Amino acid sequence: RLNSHLPGPDELPLAVMRLPETVSHAIAVDLQAARLYLLENNGNGLTVRKSMYASMGREGYGKEVEGDNRTPLGVYRVTSWLDGGRLPDLYGSGAFPVDYPNDWDRKLRRTGFGIWLHGVPSNSYTRPPRSSEGCVTVANADLIALRDYVVPGQTPVIFADRLEWASRDESQRELSQFESVLERWRRDWASLDTDAYMSHYA
């Protein structure tokens, strides 16, 4: 199902096909659906461990320049945990900064900084769907619940305009197909056959 905020019990987001064994969890955010999903890497593939409401930048998504009030699209990593007691009340119970802009953003000359996954002011439960300056926000209780699973420097965070969901079997077929294409690319690169290698590019 496309853009579903209530995936079935055996469905996974195609944006995350596999994680290294050393990475126990990942966060995937469907910005259009205003949902954050905590994915668990449990040795038998991925499962959705938690699902929660999340809001984004007041101008939507697709950050390009500093001050555009948009949430970036891409794959990032949590860099640290900032306790809410040391932050202004706007950030609620705390914040997980992410490494925007990453290498890809810099290559595309995207600017800006300070993109966080953080809580909400103490006098509110949540924020409207579009209300931040580009950060993703969740209820304070939800943010605290994430702390048990997020490892700074390791946990990936995917900000997607829309997550496409597929059954576990469909997801496995997509992964197998991708690995087959990647292996052909690797083999043609290693062969030093320029024509074969370049055939993989538009």
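Of the conditions (1) part of a loop (DSSP other than H, G, I, E, B); (2) out of contact with any strand residue (DSSP E or B) (no Cβ under 7 Å at 6 or more places or on another chain), SER80 clears all except one; give me its number.
Of (1) part of a loop (DSSP other than H, G, I, E, B); (2) out of contact with any strand residue (DSSP E or B) (no Cβ under 7 Å at 6 or more places or on another chain), only one is false for SER80: (2).
Taking the range 37-77 as the search range and keeping residues that are closer than 18 Å to PRO97 by Cβ and among the β-branched types (Val, Ile, Thr), which one is farthest from the chain's Cα centre (by Cα)?
Filtering first and then ranking leaves THR71.
With (1) within 14 Å of the chain's Cα centre (by Cα); (2) surrounded by fewer than 19 Cβ atoms within 10 Å (Cβ to Cβ) as the list, and ARG86 as the residue in question, which single condition is left unmet?
(1)
With respect to ARG77, determine if the residue is open to solvent by 30 Å² or more (accessible area, probe 1.4 Å), closer than 30 Å to LEU6 by Cβ and modelled with pLDDT of 95 or more. Walk me through it before giving the result.
Numbers: open to solvent by 30 Å² or more (accessible area, probe 1.4 Å): yes; closer than 30 Å to LEU6 by Cβ: yes; modelled with pLDDT of 95 or more: yes.
So ARG77 fits the description; yes.
Residue-wise test of (1) surrounded by 17 or more Cβ atoms within 10 Å (Cβ to Cβ); (2) under 14 Å from THR155 (Cα atoms); (3) modelled with pLDDT under 95.
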position	(1), (2), (3)
TYR53	yes, no, no
GLY67	no, no, no
LEU82	no, no, no
SER93	yes, no, no
TRP116	yes, yes, no
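Looking at the range 100-123, which of its residues are outside any loop (DSSP other than H, G, I, E, B) and closer than 18 Å to THR137 by Cα? Talk me through it step by step, then tell me what you get.
From the range 100-123, those outside any loop (DSSP other than H, G, I, E, B) are 103-107, 116-118; that's our starting set.
Answer for the range 100-123, where residues must be outside any loop (DSSP other than H, G, I, E, B) and closer than 18 Å to THR137 by Cα: TRP116, LEU117, HIS118.
Working only within the range 153-202, note down all residues that are open to solvent by 30 Å² or more (accessible area, probe 1.4 Å), touching an Asp or Glu at 6+ places or on another chain (Cβ under 6 Å) and aromatic (Phe, Trp, Tyr).
Residue satisfying the conditions is TYR197 alone.
Kindly indicate the residue of the range 1-19 that is part of a strand (DSSP E or B) and at pLDDT 90 or above and also nearest to ALA160 (Cα to Cα) among those meeting that condition. Outline the logic, then answer.
Going residue by residue through the range 1-19, those that are part of a strand (DSSP E or B) are 2, 11-13.
Then keep just the ones that are at pLDDT 90 or above; that gives 11-13.
On the way: GLU11: 17, LEU12: 14, PRO13: 10 Å.
This residue is PRO13.
Against the definition (part of a loop (DSSP other than H, G, I, E, B), free of Cβ contacts under 8 Å to residues at least 12 places away in the same chain and open to solvent by 80 Å² or more (accessible area, probe 1.4 Å)), how does ASP148 come out, yes or no? Show your work before the answer.
Working: part of a loop (DSSP other than H, G, I, E, B): yes; free of Cβ contacts under 8 Å to residues at least 12 places away in the same chain: yes; open to solvent by 80 Å² or more (accessible area, probe 1.4 Å): yes.
It is true that ASP148 is part of a loop (DSSP other than H, G, I, E, B), free of Cβ contacts under 8 Å to residues at least 12 places away in the same chain and open to solvent by 80 Å² or more (accessible area, probe 1.4 Å).
Return yes when LYS63 is of a type in the set (D, E, K, R) and open to solvent by 20 Å² or more (accessible area, probe 1.4 Å) and no when it is not.
Working: of a type in the set (D, E, K, R): yes; open to solvent by 20 Å² or more (accessible area, probe 1.4 Å): no.
So LYS63 does not fit the description; no.
Specify which of the listed residues (PRO20, PRO7) is open to solvent by 20 Å² or more (accessible area, probe 1.4 Å) and without any contact (Cβ under 8 Å) to a residue 40 or more places away in the chain.
Working: PRO7 fails: without any contact (Cβ under 8 Å) to a residue 40 or more places away in the chain.
Among PRO20, PRO7, only PRO20 is open to solvent by 20 Å² or more (accessible area, probe 1.4 Å) and without any contact (Cβ under 8 Å) to a residue 40 or more places away in the chain.
Looking at THR22, is it more than 21 Å from VAL138 (Cα to Cα), among the hydroxyl-bearing types (Ser, Thr, Tyr) and at pLDDT below 95? Write out each step before concluding.
On the way: more than 21 Å from VAL138 (Cα to Cα): yes; among the hydroxyl-bearing types (Ser, Thr, Tyr): yes; at pLDDT below 95: yes.
In short, yes.
Scanning for something surrounded by fewer than 16 Cβ atoms within 10 Å (Cβ to Cβ) and either over 14 Å from the mean Cα position of the chain (by Cα) or β-branched (Val, Ile, Thr) (or both), does the range 25-34 turn up at least one residue?
no
Restricting attention to the range 22-32, does a residue exist that is touching a helix residue (DSSP H, G or I) at 6+ places or on another chain (Cβ under 9 Å) and on the phi > 0 side of the Ramachandran plot?
no
The values are calculated or read from the model by the stated rules, or taken from the named source; none is laboratory data. Quick caveat, the model's predicted, so the values are computed rather than measured. Glycine also receives a Cβ, built like all others from the backbone with ideal geometry; neighbour counts cover every protein chain displayed. Heavy atoms of the whole protein, side chains included, go into the accessibility calculation; ligands, DNA and RNA do not. Shrake-Rupley method; radii C 1.70, N 1.55, O 1.52, S 1.80 Å.
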